[in-house]
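J.: Before I ask anything, here is the structure I am working with.
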Amino acid sequence: VQLQASGGGLVQAGGSLRLSCATSGSSFRINTMGWYRQAPGKQRELVATIINGGTTNYAESVKGRFTISRDNAKNTMYLQMNSLKPEDTAVYYCHAIFNGWNSIWGQGTLVTVSS
């Protein structure tokens with residue numbers, strides 16, 4: 001299984017971006033997917049997760065602004081980020097748990113929000 005994240009970039013405060021995380025591979029079943037982020041000098045933190053069935057969970061700091069979703073037909077997870085703030089600047093990573101307990105990370109995509 002491989003994860004490929006994309007969609008990062010530079011945006012002004014108040015703007016929007018949509019991140020994508022495409023999955024590839026064979027003979028796997030994904031249980032949970034999520035987005036994490038790591039700002040300079042800080043630890044990686046949870047942004048949002050989505051499990052099979054569609055239940056979602058968000059960090060308090062992004063609730064009401066970010067939306068996580070999955071398109072199973074396209075094997076892709078998304079993170080729609082609206083009303084971006086400078087403190088959202090970070091490298092964003094996608095993550096998946098598959099075939100029960102296996103964990104995998106995608107490469108990061110940089111999001112920079114200017115004030």
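J.: Just wondering, is there one or more residues in the stretch 61-81 that are in contact with a helix residue (DSSP H, G or I) (Cβ under 8 Å, 6 or more places away or on another chain), at pLDDT 95 or above and either crowded, with 18+ Cβ neighbours inside 10 Å or of a type in the set (Lys, Arg) (or both)?
T.: Going residue by residue through the stretch 61-81, those that are in contact with a helix residue (DSSP H, G or I) (Cβ under 8 Å, 6 or more places away or on another chain) are 61-62, 81.
When the remaining residues are screened for being at pLDDT 95 or above, the result is 61-62, 81.
Subsequent filtering for residues that are either crowded, with 18+ Cβ neighbours inside 10 Å or of a type in the set (Lys, Arg) (or both) retains 62, 81.
Yes, the stretch 61-81 has at least one match.
J.: Taking the stated definitions as given, is LEU84 in a strand (DSSP E or B), touching a residue at least 24 places away in the same chain (Cβ under 8 Å), of a type outside the set (Phe, Trp, Tyr) and surrounded by 11 or more Cβ atoms within 10 Å (Cβ to Cβ)? Walk me through how you get there before you give the answer.
T.: Details: in a strand (DSSP E or B): no; touching a residue at least 24 places away in the same chain (Cβ under 8 Å): yes; of a type outside the set (Phe, Trp, Tyr): yes; surrounded by 11 or more Cβ atoms within 10 Å (Cβ to Cβ): yes.
Taking the combined requirement at face value, the residue does not satisfy it.
J.: I've got another one for you. In the stretch 7-58, what count of residues is obtained for those that are under 22 Å from SER115 (Cα atoms), open to solvent by less than 50 Å² (accessible area, probe 1.4 Å) and more than 12 Å from the chain's Cα centre (by Cα)?
T.: So the answer is 4.
J.: Here's another thing I want to ask about it. Only strands (runs of 3 or more DSSP E) wholly contained in the stretch 1-72 count here; list those with 2 or more residues that are free of Cβ contacts under 8 Å to residues at least 60 places away in the same chain.
T.: Details: elements: 2-6, 9-12, 17-24, 30-38, 45-51, 56-58, 66-71.
Because the criterion is at least 2 residues that are free of Cβ contacts under 8 Å to residues at least 60 places away in the same chain, the strands (runs of 3 or more DSSP E) in the stretch 1-72 that meet it are 17-24, 45-51, 56-58, 66-71.
The values are calculated or read from the model by the stated rules, or taken from the named source; none is laboratory data. Model, not experiment: these values are computed from the prediction. Quick reminder, even Gly has a Cβ in these numbers, built from the backbone with ideal geometry, and neighbours come from all protein chains shown. The accessibility values were calculated without ligands, DNA or RNA, using every heavy atom of the protein model including side chains. Shrake-Rupley method; radii C 1.70, N 1.55, O 1.52, S 1.80 Å.
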